[in-house]
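**Q** Can you keep this structure in mind? I'll have questions shortly.
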Amino acid sequence: MRRKDRYQRALIAVILGLALAALGSSPGGLAGRPPIEGAGQVRWAAPETAPAAAAELPQRETTRIGVLGISSEVGFYLAHERGYFAEQGLAADFERFEAPGAIIAPLSLGDLDAASIAVTAAMFNAVNRGVEVRLVSPQSRYEPGYSQLILDVRKDLADGGAIRDYADLRGRTLAIINFGSPSELLLERALQRGGLALSDANVVQLGSGDQITAFANRGIDAGLLTEPQATIAQDRGVAVKWRAAADWYPGIQVSTVMYGPNYVARNPDAGQRFLVAYLRGVRDYYNAVIADRGGREGIVEVLMQHTPLRDRALYDRISWLYVDPNLTLLEDDLRTTMQWFLDRGLVDRPTELSQIYDGRFVQNALRVLGPYQ
């Protein structure tokens, strides 16, 4: 059976409708990103740049990684480019997808070993329906100063003082990338800061490019945009970056690393080695960008190679993402997000954390590398 047919069968028979619940925006930049060339999924393997010592290892086994080509996946890309996967006896083979919801099926079928997965209703529903995928590590979250989801406000309204505080959003037309996604949850929390509910505003669903056009045409008053679109809208003079998501809801998990049955059950040793390499990449990013210990330009070079954002000047103006150097999962936040999906009928039943999170891989990586210092 062709791979495409297998994916379609899995999506229909095993996780029907999961793609509809997939995240439209995120901090981590899971949507609202610059267009990716090509349709469907694009299979590619970046050139090997492993250190010479890695060549002395036995033949490396391929690790197949599902990605979206976004900045929150920087730990994967650094682990590959800096030879950390190679040092663990792995050779990265990235398979790029255009839609977050399309990754779960091939991951559950064993056609992928690991993947970047957004925190969505689809993720919880997959586990509830017996799909063999497990969250093994957080990837990115929003923290003060490091939030890639921005509430942009139309420039004339911001400059004129019509929107000064959250309460001023009453009766306004507000745009989000997708209904039923964490971006809607975040907008709800922003409105609550002003004593408002979602029903107190006119909330519409618009893609990132359409939001920028709507700002220019005065069709919307504010909108949630991920980077770099939030900065692009400001550069074009149609909106201003008014508040970052972490300003009103710090600590929300937005993306994760998930394993399929290959690493969870069939070859957990490879899964452990994978996460050791990944954590090294995460710490390289943390040191360069968050701890400001030098090396930011090297991070930019890797992101320009592996993501569609290739405008070097934009990297000096966008908000960067946050990754945890010890891969600490904020369990209470994950439960809160799951409950929000449940309350809206997007998840059919509660998911116990023990059903979805397999913490042994992070524990092993910390044993190998030690806590971050």
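**Q** Scan the range 58-88 for residues that are under 19 Å from residue 268 (Cα atoms) and at pLDDT 95 or above and report the count.
**A** Result for the range 58-88: 13.
**Q** Residues in the range 89-104 that are modelled with pLDDT under 95 and either in a helix (DSSP H, G or I) or under 20 Å from residue 369 (Cα atoms) (or both): how many?
**A** Number of matching residues: 4.
**Q** Here's another thing I want to ask about it. Can you spot a residue in the range 306-323 that is of a type outside the set (Gly, Ala, Ser), within 17 Å of the chain's Cα centre (by Cα), at pLDDT 95 or above and in a helix (DSSP H, G or I)?
**A** yes
**Q** Can you tell me how many residues within the range 219-249 are buried (at least 21 other Cβ atoms within 10 Å of the Cβ), closer than 17 Å to residue 320 by Cα and acidic (Asp, Glu)?
**A** Residues that pass the stated criteria total 1.
**Q** To continue, here is another question. Scan the range 101-110 and give yes if some residue there is touching a residue at least 24 places away in the same chain (Cβ under 8 Å), under 29 Å from residue 288 (Cβ atoms) and crowded, with 23+ Cβ neighbours inside 10 Å, otherwise no.
**A** Within the range 101-110, the first condition is being touching a residue at least 24 places away in the same chain (Cβ under 8 Å), and the residues that meet it are 101-110.
This time we only want the ones that are under 29 Å from residue 288 (Cβ atoms), so: 103.
Now restrict to residues that are crowded, with 23+ Cβ neighbours inside 10 Å: 103.
Among the residues of the range 101-110, at least one is touching a residue at least 24 places away in the same chain (Cβ under 8 Å), under 29 Å from residue 288 (Cβ atoms) and crowded, with 23+ Cβ neighbours inside 10 Å, which makes the answer yes.
**Q** Checking the conditions here, which among 230, 214, 197, 246 is touching a Phe, Trp or Tyr at 6+ places or on another chain (Cβ under 6 Å) and over 22 Å from residue 123 (Cα atoms)? Let's see the steps before the verdict.
**A** Numbers: 230 fails: touching a Phe, Trp or Tyr at 6+ places or on another chain (Cβ under 6 Å); 214 fails: touching a Phe, Trp or Tyr at 6+ places or on another chain (Cβ under 6 Å); 197 fails: touching a Phe, Trp or Tyr at 6+ places or on another chain (Cβ under 6 Å).
The match here is 246.
**Q** Residue 308 versus (1) touching a Pro at 6+ places or on another chain (Cβ under 6 Å); (2) without any contact (Cβ under 8 Å) to a residue 40 or more places away in the chain: which is the lone unmet condition?
**A** Of the numbered conditions (1) touching a Pro at 6+ places or on another chain (Cβ under 6 Å); (2) without any contact (Cβ under 8 Å) to a residue 40 or more places away in the chain, the odd one out for residue 308 is (2).
**Q** Further question: Scan the range 265-301 for residues that are among the β-branched types (Val, Ile, Thr) and buried (at least 20 other Cβ atoms within 10 Å of the Cβ) and report the count.
**A** 3
**Q** Right, next: What about residue 142, is it within 21 Å of residue 254 (Cβ to Cβ), surrounded by fewer than 21 Cβ atoms within 10 Å (Cβ to Cβ) and hydroxyl-bearing (Ser, Thr, Tyr)?
**A** When the stated conditions are applied, residue 142 does not pass them.
**Q** Would a scan of the range 98-114 turn up a residue that is more than 12 Å from residue 261 (Cα to Cα) and of a type in the set (S, T, N, Q)?
**A** No, there is no match, as no residue in the range 98-114 is more than 12 Å from residue 261 (Cα to Cα) and of a type in the set (S, T, N, Q).
**Q** Which is assigned to a helix (DSSP H, G or I) and hydrophobic (A, V, I, L, M, F, W, C), of 233, 162? Reasoning before the result, please.
**A** Working: 162 fails: assigned to a helix (DSSP H, G or I).
Answer to the check: 233.
**Q** Got at least one residue in the range 187-196 being buried (at least 20 other Cβ atoms within 10 Å of the Cβ), farther than 26 Å from residue 317 by Cα and at pLDDT 95 or above?
**A** yes
**Q** Okay, moving on. Could you tell me how many of the residues in the range 146-160 are among the small types (Gly, Ala, Ser) and in contact with a helix residue (DSSP H, G or I) (Cβ under 9 Å, 6 or more places away or on another chain)?
**A** Of the residues in that region, 1 qualify.
**Q** Can I ask one more? Taking the condition of being outside any loop (DSSP other than H, G, I, E, B), surrounded by fewer than 16 Cβ atoms within 10 Å (Cβ to Cβ) and either touching a residue at least 24 places away in the same chain (Cβ under 8 Å) or touching a strand residue (DSSP E or B) at 6+ places or on another chain (Cβ under 6 Å) (or both), how many residues in the range 324-344 meet it?
**A** So the answer is 1.
**Q** For the range 345-373, how many residues are in a helix (DSSP H, G or I) and β-branched (Val, Ile, Thr)? Reasoning before the result, please.
**A** Of the residues in the range 345-373, the ones in a helix (DSSP H, G or I) are 353-356, 360-369.
Still in the list and also β-branched (Val, Ile, Thr): 356, 362, 368.
Going through the range 345-373 one residue at a time, the tally reaches 3.
**Q** Taking the condition free of Cβ contacts under 8 Å to residues at least 12 places away in the same chain and surrounded by fewer than 23 Cβ atoms within 10 Å (Cβ to Cβ), does residue 216 pass?
**A** no
**Q** Based on this model, can you work out whether residue 204 counts as on the phi < 0 side of the Ramachandran plot, assigned to a strand (DSSP E or B), out of contact with any helix residue (DSSP H, G or I) (no Cβ under 7 Å at 6 or more places or on another chain) and buried (at least 20 other Cβ atoms within 10 Å of the Cβ)? Write out each step before concluding.
**A** Working: on the phi < 0 side of the Ramachandran plot: yes; assigned to a strand (DSSP E or B): yes; out of contact with any helix residue (DSSP H, G or I) (no Cβ under 7 Å at 6 or more places or on another chain): yes; buried (at least 20 other Cβ atoms within 10 Å of the Cβ): no.
Answer is no for this residue.
The values are calculated or read from the model by the stated rules, or taken from the named source; none is laboratory data. Quantities reported herein were computed from a predicted structural model and do not represent experimental measurements. Quick reminder, even Gly has a Cβ in these numbers, built from the backbone with ideal geometry, and neighbours come from all protein chains shown.
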